[in-house]
């Protein structure tokens, strides 16, 4: 699970090279702490995935083997030596594996001692324009053989402009990011992340399997909020091409009609989207405005896109502790028309896990259960906005083995003795943008063995609802129950009085989906209770509303 709940530390090299990134935190869970001076909200790009290497300061180590002196001179786009502020680092990355090194230039010059070998070398140079504005140039050498004392010039004048555009007359670029991957000994990894709307890069060869990835986002007239469409464009090439720009035809893209539904209250929506190249994922932000809304989203086909939906109150503040986040990965195989909505109800758990010991792999919590997932997306992990509750593990005799004061999330659950257990999650919710999913009571029966983890299945629901997650009053409502992580036969019950009384709903199967019909009341809400006997029992109060 590469995209996890805590902040992602990209390390010193990323801090040097990822200038367009305003906040570095990982999806699906927003960062729980923010550096001084940073806004505590989600209206910034997200950087997530495998951390980039942290370089070792040049001169901080002594080397046992043969070494050579490297001298580097830097030039900006005007041919002048840049200041340290305009060129704050030079990076040396060993192509055969081992440490990466960095040094701080002074008046455009740096020198130091390196172990002999082959290195990728790069720097980032800013150049002030004659009429205002500043350009950024990523100067990259894919292979430098340091077998003896070596002198290099990193010349920003060799940079080529990086742009992205479409054939739509009013589409303007709002974000552009270049990601470079290279084999540093153990396979490809991200070595540079940079970009901006006035960005240059120097062409380079394919040494070390250097690969160039370009990602860009366009909206109507460059609007940051409320554009009726957004272009998410991506391309890759071996090495850094002589023409690094991207121009696309709209007809070559997946045109995705994307409804964003509401949950009954005044709400504001926003999204992040980024191409997943297998390492770092950079996800720029666009704001939708008031929900419900539908926009067209254009994607480069054949690319895994990591996308999320962020929902907050009518003030569009998107504070970390006042926003619901759901996420998914999409890949459209070819150009053409698609529909991929973000359904808002019913919400509930998706398949999860318990990792025994102090923490799961990658630093995840011990209990991982996304409690506000929809039919088409998983939710962030807890804590959740405007939700309280508990998670409790009991043995076969009913004794409490472990507890957490967060629904769906727990830390430091040690493995109990092998045997039968039950996990119970209780949650209450009162979000200002939602009158749905006000209570959940979910129970899992599980067997603990000697393995490091236990899988937690779930039942998820699909149904046609209107843009505010309402069914038609007095009408028959089709409900599909989709077992997630279990092959068991589900049952379904329905309540019209917030769980005081329940009635059975007959289900019939068509493959892995079970379908039934609920008769909606004349007003109010419908609650659902789905179960697989001996496996999981989920109660969702106010699954959807009626109007």
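Let me know the volume per residue of the alpha-carbon convex hull for the stretch 315-416, in Å³.
157 Å³
Modelling each spin label as a point 7 Å along the Cα-to-Cβ direction, I'd like the residue 411/residue 252 distance in nm, to one decimal.
4.9 nm
Over the chain, calculate the relative contact order: mean separation of alpha carbon pairs under 8 Å at least 6 apart, over the residue count, as a percent.
Worked out over the chain, it gives 10 percent.
How big is the chain in terms of Cα radius of gyration and Dmax, in angstroms?
Reported Rg and Dmax, both Å: 26.3, 84.
Would you mind classifying the stretch 70-228 by shape? Square roots of the alpha carbon gyration tensor eigenvalues, ordered a ≥ b ≥ c; an a/c under 1.5 is rounded, otherwise it is prolate if a/b is larger than b/c and oblate if not.
It is oblate, given that a/c is not under 1.5 and a/b is not larger than b/c.
Label points 7 Å out from Cα along the Cβ direction at residue 508 and residue 467: separation in nm?
Going from the residue 508 label point to the residue 467 one covers 3.4 nm.
Kirkwood-based Rg over Rh for the stretch 144-269 (C-alpha set), two decimals?
In the stretch 144-269, Rg relative to Rh is 1.10.
Quick one, what does Rg over Rh come out to for the stretch 352-546 if you take C-alpha atoms and the Kirkwood Rh?
Expressed as Rg/Rh, it is 0.98.
Given the convex hull over the Cα atoms of the stretch 452-492, what projected area results after averaging over all orientations, in nm²?
4.4 nm²
Mind giving me the nanometre distance, one decimal, between the label points for residue 475 and residue 149, set 7 Å out from Cα along Cα→Cβ?
Using points 7 Å along Cα→Cβ, the separation is 8.3 nm.
How do 429, 62, 529 line up, fewest other C-beta atoms within 10 Å first?
62, 529, 429
Over the Cα atoms of the stretch 249-370, each weighted equally, I'd like the Debye log10 I(q)/I(0) at q = 0.15, 0.20, 0.23 Å⁻¹, rounded to two decimals.
Cα-only, vacuum Debye calculation for the stretch 249-370: -0.83, -1.22, -1.34.
Remind me, what semi-axes does the stretch 486-547 give for its equivalent ellipsoid, largest first in whole Å, using sqrt of 5 times each Cα gyration tensor eigenvalue?
Over the Cα atoms of the stretch 486-547, the semi-axes work out to 22, 13, 9 Å.
State log₁₀ I(q)/I(0) for the stretch 56-158 at q = 0.12, 0.17 Å⁻¹ as given by the Debye formula over alpha-carbon point scatterers of equal weight, solvent excluded.
-0.38, -0.72
Where a number appears in this text, it was derived from the coordinates with a stated rule and is not lab data. Everything quoted here is computed from the prediction, not taken from an experiment. All Cβ positions, even for glycine, are placed from backbone atoms using ideal geometry, and neighbour counts span all protein chains on display.
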